[in-house]
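*Asks:* Structure incoming, see below.
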Amino acid sequence: MSTDAVARSAGGNGTAAGTADGTAAGTVTGPATDRTAADSAAGQTPRPADSAAGWSLRPATPADVETVAELKVAVMRADLERLGRYDDHRARQRVRDGFSQKHTSLITVGSDVAGSVTFRPADDGSRVLEHFYLAHRHQGRGLGTAVLRSLLARADEEGVTTRLIVLQGSGARRLYERHGFTVESEDPIDVFMIRPPALSGAGLPSKG
């Protein structure tokens with residue numbers, strides 16, 4: 001995605017997702033999600049829609065910090081360069097400095113690491129979605145939407161607000177808006193978004 005997307009802060013700090021108790025709980029799996037006909041409409045050869053089938057969240061290990069850093073650089077470089085904010089060393093170091101193993105999961109499809117996500121508790125009781133990165137080969141296939149829906153469903157069950165940061169001009173903003181996020185504030189680099197918990201499942205777009 002840009003669910004691919006990812007949310008991040010000035011200087012390239014990413015944003016992510018977590019479990020009902022705020023930790024990267026055991027494996028969470030998601031069902032297949034139909035992809036749109038966007039590729040066909042654009043005259044492109046449709047890609048397999050298997051990224052959203054059989055995905056799972058694996059709790060992060062200490063060694064996964066470098067995997068998350070690599071994902072961040074690969075996914076966010078173009079947007080950070082567009083904003084004049086890209087610095088390879090700084091981008092990786094910010095991941096290392098802020099890595100929360102307890103609240104981070106790797107997104108896997110079969111044996112392939114497809115991305116990462118962090119969902120950590122904030123001091124005010126809300127959840128912060130960050131370091132939400134999908135490898136390019138898994139973008140545009142419904143995987144980001146499937147993972148996001150799963151995380152937001154947990155936030156709704158807990159009755160907590162979710163916050164994230166997305167770069168100005170990022171296509172990820174549209175995804176988040178479709179899932180109930182609104183702009184809380186913004187600056188020339190970042191857009192700060194917020195989503196209150198939905199009532200009785202309201203607020204999540206239908207799968208159809």
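*Asks:* If I filter the range 118-128 for residues that are outside any loop (DSSP other than H, G, I, E, B), of a type in the set (Val, Ile, Thr) and modelled with pLDDT of 95 or more, do I get at least one hit?
*Replies:* Checking the range 118-128: at least one residue is outside any loop (DSSP other than H, G, I, E, B), of a type in the set (Val, Ile, Thr) and modelled with pLDDT of 95 or more.
*Asks:* From Ala53, Ala114, which residue is surrounded by fewer than 22 Cβ atoms within 10 Å (Cβ to Cβ) and closer than 20 Å to Ser150 by Cβ?
*Replies:* Exactly one residue qualifies, and that residue is Ala53.
*Asks:* Test of understanding: among Leu199, Leu204, Leu175, which residue is under 13 Å from the mean Cα position of the chain (by Cα), modelled with pLDDT under 95 and not in a strand (DSSP E or B)?
*Replies:* Leu175
*Asks:* Can you tell me which residues in the range 76-92 are assigned to a helix (DSSP H, G or I) and among the basic types (Lys, Arg)?
*Replies:* Arg77, Arg82, Arg90, Arg92
*Asks:* For the condition buried (at least 24 other Cβ atoms within 10 Å of the Cβ) and either assigned to a helix (DSSP H, G or I) or among the aromatic types (Phe, Trp, Tyr) (or both), what is the one hit in Val73, Val68?
*Replies:* Residue meeting the stated conditions: Val68.
*Asks:* Does any residue of the range 89-110 turn out to be on the phi > 0 side of the Ramachandran plot and in contact (Cβ under 8 Å) with a residue 24 or more places away in the chain?
*Replies:* Within the range 89-110, one or more residues are on the phi > 0 side of the Ramachandran plot and in contact (Cβ under 8 Å) with a residue 24 or more places away in the chain.
*Asks:* Considering only residues that are surrounded by 14 or more Cβ atoms within 10 Å (Cβ to Cβ) and of a type in the set (Gly, Ala, Ser), which ones fall in the range 81-110?
*Replies:* Within the range 81-110, Ala91, Gly98, Ser100, Ser105 qualify.
*Asks:* Do we have any residue at all in the range 139-150 that's surrounded by fewer than 17 Cβ atoms within 10 Å (Cβ to Cβ), modelled with pLDDT under 95 and not aliphatic (A, V, I, L, M)?
*Replies:* Looking for residues that are surrounded by fewer than 17 Cβ atoms within 10 Å (Cβ to Cβ), modelled with pLDDT under 95 and not aliphatic (A, V, I, L, M), one finds none in the range 139-150, hence no.
*Asks:* Among the residues of the range 113-147, which ones are acidic (Asp, Glu) and farther than 18 Å from Val73 by Cα?
*Replies:* Those that are acidic (Asp, Glu) and farther than 18 Å from Val73 by Cα: Asp123, Asp124.
*Asks:* Let me ask another. Taking the conditions exactly as written (part of a strand (DSSP E or B) and modelled with pLDDT of 95 or more), does Arg163 satisfy them or not?
*Replies:* Here the answer is yes, as Arg163 does meet what is asked.
The values are calculated or read from the model by the stated rules, or taken from the named source; none is laboratory data. Just so you know, these numbers come straight off a predicted model, no measurement behind them. Cβ coordinates were reconstructed from backbone atoms using ideal geometry, including for glycine residues, and neighbour counts include every protein chain displayed.
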